[in-house]
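See structure below.
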Amino acid sequence: MSKVYLTGAGPGDLDLLTIKALRVIGEADMIIYDRLANAEILKEVKDGCEFLYVGKEDGKHTIPQDEINEAIFDASLKHEIVVRLKGGDPFVFGRGGEEALYLKDKGVAYEIIPGISSAISVPAYAGIPVTHRGISTAFKVVTGHISANNDSSNINWDDLKSDDTIVFLMGFKNINTICKKLILLGKPKQYPVAVISKGTSPEQKVVVGTLQDIAQKSKGLETPALIVVGEVVRLREKLQWFESIS
């Protein structure tokens, strides 16, 4: 009987791949993988393993999600072990829930292998704790997608009025709009913000600024890039560690 493993590849650093993920990757007959999964992971497969790339970029979706669902199902009909490899964690804006529901409806056995989410690991590699006693007791993870006409219908802005840390995933191209919206909510223009490009990788770059100037200061950074908003950003000055070992 075939089984599909909806597997988190982690944020990029190969050492952050879980032991279970590494095991099933080594056993897989076919791997269906994303753009954000570290390509080095694909070297851990057995001989004869097949690959299908279904990566997505803004405006460049190689395969629509419904076709990805079908591709996973078709693979399960041909192979005993299929690994759907997704950057970060499958259930944190990874559409892993949609894929699991599709497989459930089709009667396909599956397992979820969580991955270390970039929402916590990338700030950590930048020396920014998403919570810190006396500064932030909670954090929110928000999709940075905004509709084409910049009407922010995809984001519940009213939920972002508190002083909780906010981590925006997939929002770098909309950073100017995001900052303006947060200022309109009442956050000070000098509120701390960090943008982290290619986090946890040797190419990691971090730019720190404020809601007023971060859009300009971070111009030219490459994606994937994550945005952290909150007073915890100030801790990077003392806690940055990754640059000294990478």
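Below are the figures for this structure:
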{"quantity": "Hey, Glu98 of a type outside the set (Gly, Ala, Ser), over 23 Å from Val141 (Cβ atoms) and over 14 Å from the mean Cα position of the chain (by Cα) or not", "calculated": "no"}
{"quantity": "Spans of helices (runs of 4 or more DSSP H) in the range 16-135 with at least 3 residues touching a strand residue (DSSP E or B) at 6+ places or on another chain (Cβ under 8 Å) and under 30 Å from Arg234 (Cα atoms)", "calculated": "118-125"}
{"quantity": "Filter result for Ser76 (among the polar types (S, T, N, Q) and under 30 Å from Phe139 (Cα atoms))", "calculated": "no"}
{"quantity": "Members of the range 13-53 found to be of a type in the set (S, T, N, Q) and surrounded by fewer than 20 Cβ atoms within 10 Å (Cβ to Cβ), listed by number", "calculated": "Thr18"}
{"quantity": "Gly88 crowded, with 22+ Cβ neighbours inside 10 Å, in contact (Cβ under 8 Å) with a residue 60 or more places away in the chain and within 17 Å of Ile196 (Cβ to Cβ)", "calculated": "yes"}
{"quantity": "Subset of the range 98-117 (residues that are among the hydroxyl-bearing types (Ser, Thr, Tyr) and surrounded by fewer than 21 Cβ atoms within 10 Å (Cβ to Cβ))", "calculated": "Tyr102, Tyr110"}
{"quantity": "Extreme residue, modelled with the lowest pLDDT, among residues of the range 119-147 that are under 15 Å from Gly88 (Cβ atoms) and in contact with a Gly (Cβ under 6 Å, 6 or more places away or on another chain)", "calculated": "Gly144"}
{"quantity": "Selection within the range 188-246 - farther than 15 Å from Asn174 by Cα, in a loop (DSSP other than H, G, I, E, B) and among the basic types (Lys, Arg)", "calculated": "Lys189, Lys198"}
{"quantity": "Close pairs (9 angstrom Cβ cut-off, 6 or more residues apart or separate chains): more than 20 Å from Gly115 (Cα to Cα) in the range 38-54, part of a loop (DSSP other than H, G, I, E, B) and of a type in the set (Gly, Ala, Ser) anywhere", "calculated": "Lys46/Ala28; Cys49/Ala28; Glu50/Ala28"}
{"quantity": "Sole residue being modelled with pLDDT of 95 or more, under 26 Å from Asp159 (Cα atoms) and in contact with a Gly (Cβ under 8 Å, 6 or more places away or on another chain), chosen from Leu211, Leu182, Leu235", "calculated": "Leu235"}
{"quantity": "Any hit, the range 185-196, residues being touching a Pro at 6+ places or on another chain (Cβ under 6 Å), closer than 19 Å to Val92 by Cα and either modelled with pLDDT of 95 or more or surrounded by 20 or more Cβ atoms within 10 Å (Cβ to Cβ) (or both)", "calculated": "no"}
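The values are calculated or read from the model by the stated rules, or taken from the named source; none is laboratory data. Note that the structure is predicted; figures quoted are calculated from it, not measured. Here Cβ is always computed from backbone atoms with ideal geometry, including for glycine, and neighbour counts include all displayed protein chains.
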